[in-house]
Amino acid sequence: MGSLFRSEKMQLCQLFLQAEAAYSCVSELGELGLVQFRDLNPDVNVFQRKFVNEVRRCDEMERKLRFLDKEMRRRNIPVVDTGDDPEAPLPREMVDLEANLEKMENELREVNANAEALNRNYLELTELKQILRKTQGFFEEAEMHHGSLEHSTVDDSLGLLEEGSRGPSLRLGFVAGVLLRERVPPFERLLWRACRGNAFLRMTDIEEPLEDPQTGDKVSKNVFIIFFQGDQLKTRVKKICEGFRATLYPCPETQVSVAPSPVRVACRRSVARWRWAS
């Protein structure tokens, strides 16, 4: 193996090769590592050179190889490193290699898209299950509190929910969803200021951290439910939830419609987990 230091003796040569044999000759010279090529057309644009299409194909195959290597390392699949640089393949083998790499890349991207969709579906079902459980307990607590109010005097410290239960013509709307735990304090402050204290917020923690389908990281989230009155407050509350990237889910109002929902959600979560495992 020679070197390219100035102390090494070098000779300037000019080679004339046929177009059919240029690839094989340059490949052999590159394997020897004793040749330094000079650009005889420095003023020619890169996109106007003769072998620009072949160089682009090689760059595209290199990109696909980097993508496959990244996916293998992300899934802890061992990559065999021989330590030696492989020889340049023949032009016929380049075509087969390009087709195989393109096929593998398309299949892997399709698998990743399906896995991400399944993980997102599983995450949504998990969040919906937590919402149904938390809100069901909250509604049961409100009904018990409302029943006790009918046999006792009215307290001056009652909130928005109890005030709405006294008036038969007053009907409250609500939205329920899931929010990242680190966004809870600014979310509460903005909701209080935007609604001027006319919205009632209840929030509980989700004990188990959830997995983000895009990054795969574990994140902590909270379940919240917001009560309000009127379409104007409803629009304002939904815009605030959208601004904080909270995920809203439909939540039934009555206990009769809430009861079968966790069973259906559990069945769908089991199906999603079985599909992902298979």
For residue 103, give me every one of the lysines with a C-alpha distance below 21 angstrom, ignoring sequence neighbours fewer than eight places off in its own chain. 64, 70
Probe 1.4 Å, all protein chains in place: accessible area of residue 37 in Å², nearest 10? 120 Å²
Identify all lysines with a Cα-Cα distance to residue 134 below 27 Å; exclude those on the same chain that are fewer than 8 residues away in sequence. 218, 221, 234, 238, 239
Can you give me the % of accessible surface on the range 167-224 that is carbon or sulfur? Probe 1.4 Å, all protein chains present, nothing else counted. 47 percent
Per residue, how much accessible area does the range 14-74 show when a 1.4 Å probe rolls over the protein heavy atoms, in square angstrom? 88 Å²
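The values are calculated or read from the model by the stated rules, or taken from the named source; none is laboratory data. Note that this is a predicted model, so its numbers are computed, not measured. Please note that ligands, DNA and RNA were not included when accessible areas were found on the heavy atoms of the full protein model with its side chains. Shrake-Rupley method; radii C 1.70, N 1.55, O 1.52, S 1.80 Å.
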